[in-house]
Structures are given as C-alpha cells and as structure tokens.
1. Put a dot 7 Å past each Cα toward the Cβ at I38 and A54; how far apart are the dots in nm?
2. Which distance in nm do the two modelled labels at S23 and T3 give, with both placed 7 Å along the Cα-to-Cβ direction?
Amino acid sequence: MTTTIEAKVARLLADGRVFIRWSAPEHISAVVRGDSGIWDVRLDNGRWSCPCPARVTCSHMQAVMAVTVPDRASLGNGIDQDHDRPGNRTDHDQAVTA
Ligand SMILES: [Zn+2]
C-alpha cells in the first residue's frame, strides 16, 4: 500500500485542505489539514518549512507550493499568458443569441 506524494498532494488540493493565510514575495503562511494533523506551512525568505515529522519536502509543503506562484517571472518562458480555454467560445455565442 504505497501512496505517492503526488497522489497525496492531489488529494489535499481536491479536498480543499490547503488554506493560504497570506502570501507575499518569498513569504507564505498556510495551513494544511493533513491526515495526522493540522500543519503550519511557511515560506520564509524562500525557505519552506512544515512542522510535521516528515524530513523530506512533505506533501503539505508541496500542496502549498502547487497553489502558490513563486517568483519565476524572470524565467520569461511566456506560458503565463495565452492560457485561456479556447473551448469556451461556444458558451459565449449561445449567450449572445439568448
Ligand atoms: Zn508536512
């Protein structure tokens, strides 16, 4: 019975168990309701921390990372824009006729 950390992260997010208190560049305060407790996940000066017993980058931290955007604008790979769903146009047309 192995649960991958990716699956755990996905479940935390799907269940709405990740709560961001506040965030700023290089600083995040979040609460994650895990299976064994409620954890205070923090990002301080770019360093992540979680008080849970896991020594690695735990699912709590990864869940918060997944819903927050680190300062990667300088990479400039241009994937931020043009992310609108093209499939939405049909809805829009129907709204116009109605
Ligand atoms: Zn943790």
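Read the figures in this text as sums done on the coordinates, not as results from a lab. These figures come from a predicted structure and were not determined experimentally. When we count neighbours, we look across all protein chains shown, and the Cβ atoms used for this are built from the backbone with ideal geometry, even at glycine.
1. With each label point 7 Å from Cα toward Cβ, the separation is 2.0 nm.
2. 2.3 nm
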